[in-house]
Structure formats: structure tokens, C-alpha cells
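Read through the structure below, which is laid out as C-alpha cells, and then see the notes.
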Amino acid sequence: MERLKFYIDGAWVEPTTPATLGVVNPATEEVFARISLGSAPDVDRAVAAARRAFPAYAATSVEERLRLLRRIVEGFRARLPELARTMTLEMGAPITFATERQATVALFHFEEAVRVLERYRFEERMGNGIIRREPIGVCGLITPWNWPLNQVGSKVAPALATGCTVVLKPSEVAPLSAMLFAEIVHEAGVPAGVFNLVNGDGPTVGEAIAAHPGIDMVSFTGSTAAGVRVAKLAADTVKRVAQELGGKSANIILPDADLRGAVIEGVHASYTNAGQNCQSPTRMLIPRAQREAAFEAAREAVGAVRLGDPLDPACTMGPLVSGAQFEKVQDFIRSAIDEGATLVAGGPGRPAELNHGYYVRPTVFGDVTPGMRIAREEIFGPVLSIMNYDSEDEAVEIANDTPFGLAGFVQSRDPAHARAISNRIRSGRVYINGAAFDRSLPFGGYKQSGNGREFGVFGFEEYLEVKAILGAAG
């Protein structure tokens, strides 16, 4: 499969300078597709197209933008199986998960953008004037490989809904689903230049987007280190920067919780997407007196994981995305053993039954202390740390003892008790007792987990400027 063109100004075009990259299927370790890697001149072309398109698109009516978004939703639904299968091939998500979560949640963002846009008030009276909200302009969107379409949707949907134009750089590791999405956008009749896609790596295309003087806002999802780089590059042009970065979320299991159920659910939650999930509850905090029972429940949960061919509907965990990611996670596992953590399940190396693919054994460590590397750094693999506490105050202190603040989790039979603990956790989201995903609620982090918010009205308003018009209220 060769996808060597970029989508710029309403057409598929050749890159300025030919350079290709193989896309690897992580389950087979074989190249199955090739893309082009872009350069700064490709970004220049895309930005120029987006700038030309912006005035007319920003002036479109709400009804016109709703029609476009609804056509995107229709096209997305029609191609959902193809999108899901493509993500399975490019980043290893099991096909059932790719269909029910990866592709479907991405679709949710466009449905949510329609819902918000239908009700949103772009003007309101205040004092002796009018507060008006206007599209910020040309938006550079840089998205990761772990949720390739979800993060595209969470950025592109509100950008288009608010009247912005877009230059998108999907991850070069998993770019193919975003290219299929570009076809959906084209078929929906989005005007030329409103949506543009340039493939490439972060140091070349990503940095060109972040620094470009023709881009008014950059929205980035990825590692904290890369986010710092994006912010520094963006600072010279004082553009708005919205970032969703790393996480090291704590899952506090309170003494009054159903321990076995909470541990089993917590293990599976930390293994979502093979652990390649920024808000995974990778630090499980348990009362010290319940240590042995927690270990037993964790082993039970690990025993239910089904590794294998991600195209098999029975598979519940696929490979990691790349050889580099596999080696990174192996290094974390070895470091935990060297630092004295108790190996509860899993361990280093590939699962015995799999002799190819970037598969990691689902792993649980117990007796992890706050100073250990696996308790401090984001692993991005199926590795869970169980940490002991003696009091609830200590549990909250451990939960907040991190440079990150993306999410928190609290388990208790008493909802009021769980709520009181939730209020003390320094993170952008807290899930109580396995609460379900809600696309209307804001997503984003405290501290080094980023700034700005995605999803719902909060994500919508990231793409708007606020203008005060004085003397116009009458």
C-alpha cells in the first residue's frame, strides 16, 4: 500500500521533496505501507491554503457548518469498519477494541461538535457592550499514534465547527487512518484549504507547524518533553498553545471498597490499549493490610487477558506500537526488578506463546514505593504498580506526588466518601467507581499533563477568540 501524497487545498498533491517511510504492522514486524515524509515547504503550502480559505470559511453560517459536520459524520459511519481495521494494522489495537472504542470514540467528537454548535451562543450582551466569540484562525494540529483517530477527531471537529481552518500532522507511526479520514472530509464537500494534511516526523513537520508565523494556534497531544519543545517554538509568535501531555494517574482503592472487584477492574483499565493510554490508572494505591488479597486479585485479572493476533475478535490485548516502544517498556520492567519491587505477574520478555510481534507480558509489580522509576515516569505499556498506604491522607499525598495531573481514580462503596477524596486529587479528571467515558465533559491536565481542554463545550471554546464590542448593547 502506497499513500505518498498529502491533502492540501482540496487535492492530493505530491510532496515538495520525495522522501518515504515504511509503516510497520506491529503484530508482524513487517512494513505493509509507505507514506511520504513532508518538509517545511510542504507546511508552507498547507498554511498558505488554510490562510486563503479562512476568511470565507470563518464567515459561513452555523447552518452551513452543521451541514458539513453532518456529512462528515455520515461518511465516518459508512467507513467505520475500514477505519477500525486500518488502526489495527498500523498500531496493533485489537479489532474489537478498534471498532468499539478507537473508531467509535473518534466519531463521537464530530457528533458532539454538532450538538455543541446547534446550541452555542457566539454573541451575548454584557454591560454596555457585546461579547463576541470568533474563530481563532489557522490551527496546526499535531496528533499521536496511540489513539490515531480519536485525537484527530477531538481537535478537527471543534476547529471546523467554530470556523477555523486546519493543518493536520498525524503521527508518522500510525498515519493511514488519518489519511482515510481526509478522504471522508473531501467527500463531505469541505471547501478547499479548510482542511489540510501533511505527513512527517515531529522534528521536521511538527516543529515547522509549531513555529510557523501563519498559524494562529497549535494543539498538540504527545509526550511532555515534546510538548515543552512545541511551546518554546510557538512562543516566538505568541500563538495559542493547547496541550494534552503525559500522565501517571493514581487509582485510590479506599478501605471500604470492594477490593477484589476494584483491583480486577483497575488492572484491566491500566491495560486499555495495551497500556498505551495517557490517563491509564497505572499507580494502584491499596491499604497495606489488604496487600495479599490485592495481589491475588491482580493475578486473576492478568489471567483473563487474551494476547494474540489483533485481527482476531477474541484478542483483548495486541502488541505495542513499535520495536522502540517494546524496548522502552522492557527497560522499565528491568528497572523495577532491580529497584526491589515485587513481581506479582508477568515480567520481562515476550509472552512464551508469541515468537514475533512487539508483544509485552501483562505485568504487575507490588510493594512499589514513590521513589521508584516505575512510580515516577510514564511507561506507556501494560505495567501496573501497586503501592501500599496506611492512611487516606497518605494515599492522597502519594496520588499527588507526581509532576503529572491528567486523571485520578477513586473506589469506594460510599459515593460521598469517594467524592471527598476526589476533591483533593490534583488532576483534570477524576473517575469514581469505574464511571463511564462522557464525551461532553472536559479532558485535560494539571501540571505537566498540559494546558487547555478537549471535548464538549470546553474543547469547542479552545478554538475561539473573545472580542468585546463596547457601545453596541443598545
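The values are calculated or read from the model by the stated rules, or taken from the named source; none is laboratory data. Quick caveat: nothing in here was measured; it's all calculated off a predicted structure. Cβ sites come from the backbone with ideal geometry, for glycine too, and all protein chains shown count toward neighbours.
At-a-glance table
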quantity	calculated
Entirely in region 116-213, the strands (runs of 3 or more DSSP E) that have 3 or more residues that are within 30 Å of residue 34 (Cβ to Cβ)	138-142, 165-169, 195-197
Filter result for residue 414 (more than 30 Å from residue 240 (Cα to Cα) and acidic (Asp, Glu))	yes
Scope region 364-403; condition within 16 Å of residue 267 (Cβ to Cβ) and free of Cβ contacts under 8 Å to residues at least 40 places away in the same chain; matching residues	365
Exclusive hit being under 30 Å from residue 309 (Cβ atoms), over 24 Å from the mean Cα position of the chain (by Cα) and in the same structural domain as residue 201 (by TED's automatic domain parsing), set 31, 24	31
Unique match (being in a loop (DSSP other than H, G, I, E, B), in contact (Cβ under 8 Å) with a residue 12 or more places away in the chain and under 18 Å from residue 277 (Cβ atoms)) among 319, 351, 313	319
Flag if residue 73 is touching a Gly at 6+ places or on another chain (Cβ under 8 Å) and either assigned to a helix (DSSP H, G or I) or touching a residue at least 60 places away in the same chain (Cβ under 8 Å) (or both)	no
Residue within region 28-48 that is touching a strand residue (DSSP E or B) at 6+ places or on another chain (Cβ under 9 Å), closer than 20 Å to residue 144 by Cα and free of Cβ contacts under 8 Å to residues at least 12 places away in the same chain present	yes
Region 376-391 - residue that is in contact with a Leu (Cβ under 7 Å, 6 or more places away or on another chain) and outside any loop (DSSP other than H, G, I, E, B) and, of those, surrounded by the most Cβ atoms within 10 Å (Cβ to Cβ)	387
Hey, residue 424 assigned to a loop (DSSP other than H, G, I, E, B), assigned by TED's automatic domain parsing to the domain that holds residue 260, farther than 30 Å from residue 309 by Cα and free of Cβ contacts under 8 Å to residues at least 40 places away in the same chain or not	yes
Among residues of region 183-208, those that are surrounded by 20 or more Cβ atoms within 10 Å (Cβ to Cβ) and over 17 Å from residue 19 (Cβ atoms), counted	7
Selected residue (only one of 334, 361 is part of a loop (DSSP other than H, G, I, E, B), modelled with pLDDT of 95 or more and not acidic (Asp, Glu))	361
